[in-house]
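Structure record follows, encoded as C-alpha cells.
Just so you know, all these numbers are worked out from the coordinates, no wet-lab data involved. None of the values given here were measured: they were computed from a predicted structure. FYI the Cβ positions are ideal-geometry reconstructions off the backbone, even for glycines, and counts take in every protein chain you see.
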Amino acid sequence: MFLSACIPSGYLAHRDLHYVDEVLVESPPGPPVAYESYMRARIALERDPPDFDLARGHVEDALHWQPNEPALWTLKGEIELRAGEAEAARVALERALSLSPSYPEALALLDELDGGGEAQL
C-alpha cells in the first residue's frame, strides 16, 4: 500500500494520518504526481498482458519524486519479479527493506524470489 501518497483534505492539508503495521502514524503527504505515477505503474502491471516497460517508466517517475518511499521500491521489485528480472527485483526489494526493514510486501516478494512460494499481497 502506498501510504504517504493519499491526498489529505480540510484541516489535515499539511499532514497525512495512516496505519503502518497497525500503528497510526502521521507523515507529510507525498506529491500528487508521485501518487499518479504509482497508480499508472500499478495499472500497467495489472494489464493482461502486463506492460512491464510502461510500468517501469511510471515507477521511475514516482521514485524521482519520492526516492525514499519503500512502497515504490517494492512496486519496482514486483514489476521486475513479474518480468523475470530476478536480480533487478532483488536490488529494488533490498532497497525497500533498507528504508523500512519490516515492510511486509517487500518481505513477501523477497521470500517469493527466494523460492518461498507466491507472495500474498
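Calculated on C-alpha atoms, the gyration radius of segment 32-113 divided by its Kirkwood radius gives an Rg/Rh of 0.94.
Placing dummy labels 7 Å off each Cα toward the beta-carbon, the span from MET39 to ASP111 is 3.0 nm. The trypsin sites (Lys or Arg not before Pro) found in segment 36-121 that occupy coil by DSSP, while having at most 14 further C-beta atoms within 10 Å, are ARG47. Find which of ALA41, PRO70, ALA108 sits farthest along the positive direction of the dipole of segment 32-113, computed with +1 on the beta-carbon of Lys and Arg, -1 on that of Asp and Glu, about the Cα centre. Farthest towards the positive pole: PRO70. Phi angles across segment 42-50 convert, under the Karplus curve 6.51 cos²θ - 1.76 cosθ + 1.60 with θ = phi - 60°, into 3J(HN,Hα) values of 4, 5, 4, 6, 8, 4, 10, x, x Hz, Gly and Pro given as x.
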